[in-house]
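Here's the structure, in structure tokens; my notes come after.
Since every read-out is calculated from the coordinates, none of them should be taken as a lab result. Computed from a predicted structure; not experimentally measured. Here the Cβ is made from the backbone with ideal geometry for all residues, glycine too, and neighbour counts use every protein chain on show.
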Amino acid sequence: MTAQDYWALSPVIAMAALALVLLSADALLAERMFGGKRYGSKRALSWIAVIGLAVPAFLALNLWFEWFGESTSEAVVYGTFTADRFALFFQFLIIGATGVVILASVPYLQQFRDSLGEFFTLLLTAAAGMMLLVGASELITIYVALETTALPAVALAALRRDGFSIEAGAKFLILSALSTALLLFGLVFLYGYTGATRIDEIVARMGALPFESGVPFGSLAVMLSVLLIVAGFGFKMAIAPWHMWVPDVYQGSPTPVAAFLSVASKASAFAVLMRLLYSFAGFDPVAQDWQILFALIATASMTVGNLMALSQTNVKRLLAYSTIAQAGYIMVGFAAVSVASSSDSASAGPQSIMYYLAGYAFTNLAVFLAFAAIVHRTGNDTIAGLSGLLKRSPVLAILMVIGLLSLLGMPPTVGFMAKAVIFSTAVDQGLIWLAVVAVVNTVVAAYYYLRVVGVIMFGESDDADPIKPGAGELAAVSIGVAGALVFGIVPWFILELVDKSLTIV
Amino acid sequence: MTLEIVLVVAGALFSIGLFGVLARRNIIAVIMSLELMFNGVLVAAIGFSRFTVPAALVGASGDITESAVRASLTGHAFAVFVISIAAAETALALALVFAFYRAKQSVEITDASEMKN
């Protein structure tokens, strides 16, 4: 490995090192500095984690601005990893989401009792895996990074060790392993067909191999591997018809963990799928096949997510179905870009996906973490449990309502702008029917989002005790809401950033 | 022996495993079925690396080029990574089965149905 390899990997290495630092700090701090009082160290550990995140963030900024070290936009480590701006954009998102989740989970940590260090270590290891995943440009690396993400996430889901949590962990593990097996079979076929595992080599070989015109994707082998790979990533991205695990896992796992999964895990899977898709975008004959595949998935995901959410009474399950529907909206962008890439308006499609993902990350973190702060104090995770929230905690109530309205797509939040951008790219690409389906789905979604908003604002509650969120929780939720509002009101700020990050097209 | 036979075996292993994951109720049996699926992947990876030196790689004279050898060894590297990560996955899975048994006095997947709406 050369020095350049280390520079390109430095944010990932720093993240993994931070995970180890916290594991050691947990062992050292717990007994000595706090006189044997184990829980005393929880604040210290959270601070080490949050401040420590500045190191990978700084190293990622260094790569972005090329302050020192060599330019690293090309593939390094024998072509397996690319620290281009596309990867860095998602790395910033992942580091930010991790920091916000840690800030918000400080009061929650009592529930983890003797596995405090493990919580941070697993969270940061998963984050390191995701940061590797968004830059992976080779099949084996993608697989290893994906598993580095999935295994700690499973342990995190089961960390509370009560019936619900264990159940969530067991379901998550089995379905995650199943999806990995499907993905692997697809990757192996891709390797067998082309004899290469580096994405750029695969693309080059594909061009040289025979192309059958009647068969989707040009050959049955490629079709099989594309379907298996999309199915494998479908599980990770939580899109229908591979969404069965989502409600159970979100309901059973600790709420901050659910927030982390719904944002960082999803964004990194979308990032790697985008990278794969754009590498193959040169093949105009198969663009139509990609478009049909993604349009069908988008329709299924939006419709299933929204219809199932209508009848939920548990807020965490409702939010889980809401994230499935949100993933469907993002897939609309995928359906639109697969054709766009061959024309002049190429940049509109991927831009809209990245803009949507950034906005969704802030909004969803705000809603999940606000709800985590509430449910931690009331212990009631049904919709009825939110009634009278406006009187009990005006600040949290208003922040959560803004987040929900942004998920729904109400101006002037980012939800509205992002939906407008992504649906208009679909129309540009002639997918008018898909845009219509998406808009109808948004209207359906209004019913259940507004039902929750109504309960928060106008519900009557017997219990009038005020809910006082901690400073960390309030800061985390405020960051999310601020992002949702700022990106919605001044979208060009983030759109410009996204423009600079489009190094894969 | 031909590539077809190897792929049939790989596909059969994979499908038997998939059936087991979907049909078995005992979580340990489900984990064993998952292992079977991974083994199907392994057989396919090794089979590809043994038999396919893709047409695009072999020189016109039929000589096997250096990059073709590299490409065929990649399958072995693939297999090694799959084996090691599948082992880690199984370790985590068995730990979860222990915790599951402690929580519910059972290892049946049908007992994982506390969460219903």
Amide H of A:PHE81 versus every other amide H placed in the peptide plane: which residues, excluding those fewer than 5 positions away on the same chain, fall under 5 Å?
A:VAL76, A:SER137
Given points 7 Å out from each Cα along the Cα-Cβ axis, report the B:VAL9 to B:ALA99 separation in nanometres with one decimal.
3.8
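Please report the net charge: other residues with Cβ closer than 15 Å to the Cβ of A:LEU319, K and R +1, D and E -1. Before the final figure, lay out each step's value.
Details: positive: A:LYS266, A:LYS316, A:ARG317, A:ARG451; negative: A:ASP248, A:ASP381.
Once positives and negatives cancel, what remains is +2.
Over the stretch A:43-142, what relative contact order in percent results from Cα pairs under 8 Å that are six or more residues apart?
Details: 80 pairs, mean separation 35.4, N = 100.
The value is 35 percent.
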Note: the stretch A:281-505, point scatterers on Cα, Debye, no solvent; log10 I/I(0) at q = 0.18 Å⁻¹ equals -1.21
Take the Cβ-Cβ distance between A:ALA208 and A:ALA475 as r, set R0 to 60 Å, and report the resulting FRET efficiency rounded to the nearest 0.05.
0.65
Sorting A:MET331, A:LEU389, A:LEU474 by the position of each Cα along the dipole of the stretch A:281-505 (Lys, Arg +1; Asp, Glu -1; all at Cβ), the one nearest the positive end of that ordering is A:LEU389
Relative to the longest principal Cα axis of chain A, at what angle does helix A:315-340 sit, 0 to 90 degrees, rounded to 10?
20
Rough spin-label spacing in nm, given labels placed 7 Å along Cα→Cβ, for A:PHE65 and B:THR90:
5.0
In whole Å, what are the extents of the stretch A:388-498 along the principal axes defined by its C-alpha atoms, from largest to smallest?
54, 31, 16
Ellipticity estimate at 222 nm from DSSP helix runs (n ≥ 4, -39,500 (n - 2.57)) divided over chain A, nearest 500
-25000 deg cm²/dmol
Using the Karplus curve 6.51 cos²θ - 1.76 cosθ + 1.60 with θ = phi - 60°, what ³J(HN,Hα) values do you get for each residue of the stretch A:440-446, in whole Hz, with x for Gly and Pro?
4, 5, 4, 5, 4, 5, 4
If amide H atoms are modeled at 1.01 Å from N in the peptide plane, then the residues at a separation of 5 or more from A:THR382, or on another chain, having amide H under 5 Å from its own are A:VAL315
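Under a point-charge model restricted to the Cβ atoms of Lys and Arg (+1) and Asp and Glu (-1), what is the dipole moment magnitude of the stretch A:281-505 relative to its Cα centre, in debye to the nearest 20? Before the final figure, lay out the partial values.
Working: 9 positive and 12 negative charges, 95 e Å.
Here the size comes out at about 460 debye.
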What spacing in nm lies between the two simple spin-label points modelled at A:SER279 and A:VAL443, each 7 Å away from Cα in the Cβ direction?
4.2
Acute angle (nearest 10 degrees) that the helix A:220-237 long axis makes with the longest principal axis of chain A, alpha-carbon atoms
10
Looking at chain A, which longest stretch skips every one of the GluC sites (Glu not before Pro) that is in a DSSP loop with at most 16 other Cβ atoms within 10 Å, leaving the sites themselves out?
A:213-459
Kindly express, to the nearest 10 degrees and within the range 0 to 90, the angle between helix A:491-501's C-alpha long axis and the longest C-alpha principal axis of chain A.
50
Value of relative contact order over chain A, rounded to a whole percent, pairs C-alpha under 8 Å and six or more apart:
15
May I ask you to derive the relative contact order of the stretch A:42-90, considering only C-alpha pairs under 8 Å and at least 6 residues apart, and to give it as an integer percent?
24
Dipole magnitude of chain A, debye to nearest 20 (Cβ charges: Lys/Arg +1, Asp/Glu -1, about Cα centre)
1240
Looking at the stretch A:147-246 from every direction and averaging, what is the projected area of its Cα convex hull in nm²?
7.1
List, in order, the whole-Hz ³J(HN,Hα) value for each residue of the stretch A:186-203 obtained from phi through the Karplus relation with A = 6.51, B = -1.76, C = 1.60 and θ = phi - 60°; use x for Gly and Pro.
x, 5, 5, 5, 5, 5, x, 6, 10, x, 9, 10, 7, 4, 5, 5, 4, 4
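Can you give me the Kirkwood hydrodynamic radius for chain A, using every pair of distinct Cα atoms, in Å to one decimal? If you can, show how the numbers build up before the last one.
Working: mean 1/r = 0.0437 Å⁻¹.
Radius from the Kirkwood sum: 22.9 Å.
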